[in-house]
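Readers should treat all values here as calculations from the given coordinates under stated rules, not as data from a laboratory. None of these values were measured; they are calculated from a predicted model. Cβ placement follows ideal geometry from the backbone for every residue including glycine, while neighbour counts extend to all protein chains displayed.
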Amino acid sequence: MKRPGTVSYSLVQPIEVARVCPESCAFCPYPLGGRDTLMPFRTVVREIARGRQLGATMFDVVAGDRVERMPEVQRELQRERARSFGDYLVRCGEIVASSQGGEPRPARLDVGPLDSSEWGRMSRLYAGARLLLTTVDKEVLNSGALCGSSTQNPEKRLESIIAAAEAPIPLTTGTMIGIGESRASREKALRVLGEVARRYGHIRSVLLQAFRPHAATRMADYPATPLSDMLDAVAIARRHLPGVVPVQINALDWREHLPALLEAGAEDLGDLNLRVLSAREADARIEIDLLLKPLEEKGYKIERRSVLGFTDPIHLAGPEDENARIERVETH
Ligand code: SF4
């Protein structure tokens, strides 16, 4: 049995600035839209104040992929007097940076793939970003859960993941587990991410995002990822990633099974969503205690992180990496 080590987590206030998406992944509620298309800046300010009150260690600015393609988003950008969605995101970053009260809290970007100049622009205000290499399984991409979504093309996504290194902007990346992908394709995705992490040094954690059905989506009746698949994926990830890159899981999906997943090799409990925590209990702190106390009792040392170590880049490239070549992501 593995000796209990250090386990990290962060407390995140997600600010879903555009809970819409022009793509149509079958598991995702974003294409269904909602009441508001683009969050007004005054609401962004309110959300940040609320997150600070609850103890957020960072703010995630979240939107669907390339939402600027949607006419309704364009209309609302005009309402907010933003010339482009890029300008809008810059303003959101500025609002987080200038928010008052307590220690500064970093902002992280979760808006799908960007190109290198976009990453460069965002890196002034965002301490990091989240961009998953969702899957490299061609079946899932074309006829399965991703329904041919253009921004989910694994080659393009990988390009964007690598472009973030040039900005530089540190990344949480990862894959989805349980959307119909083969085990071999999971392994391939994690091997590629391991190579990218070694070569470019900007990957700060690799998330294994388990599928959970959302009401009203086309996969609402599809079974949730079983624990056995998740344990296997964690072990594969640990084999392929450099030791300094933690395997991240979403602890709120696996409350009953955290010891088993840590034993398998997970080291980060993910970004605990304050909105989910506080919606279930009046006090988010009680929820966090309930989640973490049993791990402390088993001997794990729990550390709360911000988006950082993001300020001190990892330099991994050594002589043994000189011949490292990022395998082309085959989609067959
Ligand atoms: S691209 Fe992302 S946000 Fe858009 S539908 Fe697919 S999973 Fe959802």
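Couple of notes before you dig in:
- Peptides 89-99, 39-49 ordered by packing proxy, namely the average of other Cβ atoms within 10 Å per residue, highest first: 89-99, 39-49.
- Tally of Lys pairs whose C-alpha atoms are under 21 Å apart, taken over the chain, 8 or more apart or cross-chain: 7
- Every helix of 4 or more DSSP H residues in the chain counts as -39500 (n - 2.57), and over all residues that averages to -11000 deg cm²/dmol at 222 nm.
- Relative compactness, the chain, computed as alpha-carbon Rg over 2.2 N^0.38 Å: 0.95
- Here the gap between ASP87 and ARG124, fully extended at 0.36 nm per residue and compared with their Cα-Cα distance, gives a gain of 12.1 nm.
- Pairwise FRET efficiency - GLU103 versus SER228, Cβ, R0 = 35 Å, nearest 0.05: 0.30
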